[in-house]
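Structure first, then comments.
The values are calculated or read from the model by the stated rules, or taken from the named source; none is laboratory data. Here the structure is a predicted model, which is why all the values come from computation and not from measurement. Neighbour counts run over all protein chains shown; Cβ positions are idealised from the backbone, glycine included. Surface areas here come from the heavy atoms of the whole protein model, side chains and all, with no ligands, DNA or RNA. Shrake-Rupley method; radii C 1.70, N 1.55, O 1.52, S 1.80 Å.
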Amino acid sequence: MFRRIDATVHGLAMVGLFISGLMVLMMTGLICLEVILRSFFNHSLLVVDEVVGYMLATFSFFGISYAMRAGALLRIDTFFMKLPERYQRVLQLLFDLASLAFVAVLEYHLLTAVQRTYSRGIVSVSITNFPVWIPQAVMPIGLSVLILVILVEIARSTRAIIGLPTNARD
């Protein structure tokens, strides 16, 4: 059962990684296009800064799950690696529990903000008049995947502490 859940959450994190990479490519392309249009044609798309801001939020919130899963997020390895393995496991569990609490509170407030923005019909102040709730929704979607990753990591840490297999191959 753990293997199946772990694989599913890994797949979701990989989808987030793919979307994050796509956002970087699209941001780069849009910025380059804007620079070329301004430099050589004295023209601007007028919305690049807004759209790139939305893409940056998507990149950040969709990529964070993979970073957490890969162990590349919020850990000081210099200190952590000097601890005995048992203490590392306990410290990792405590870190994951604290992360879950923080992300859950943030998720609640972001969902509230998206719901409020949607119900009020708020649109961007640029020429696009884009409904703001759409790019805002990216944040709680990304954090939902992060919560799943953290829950799997909590399960993995707990399994390691009590001596059960912790990776999908076990």
Peptides 135-147, 153-165 ordered by average Cβ neighbours within 10 Å, highest first = 135-147, 153-165
Max mean-square fluctuation residue, GNM over the chain, Cα-Cα springs under 10 Å, options LEU151, LEU25, LEU100 | LEU25
Which order do SER39, SER60 take when ranked by solvent-accessible area (1.4 Å probe, heavy atoms of all protein chains), largest first?
-> SER39, SER60
Longest principal axis of the chain (C-alpha) makes with the long axis of helix 133-162 (C-alpha) an angle, in degrees to the nearest 10, of 10
extent check for the range 5-156: Cα max minus min per principal axis, descending, whole Å, gives 62, 38, 27
Quick one: among PHE40, PHE62, PHE79, which has the greatest mean-square fluctuation in a GNM of the chain with alpha-carbon springs under 10 angstrom?
-> PHE40
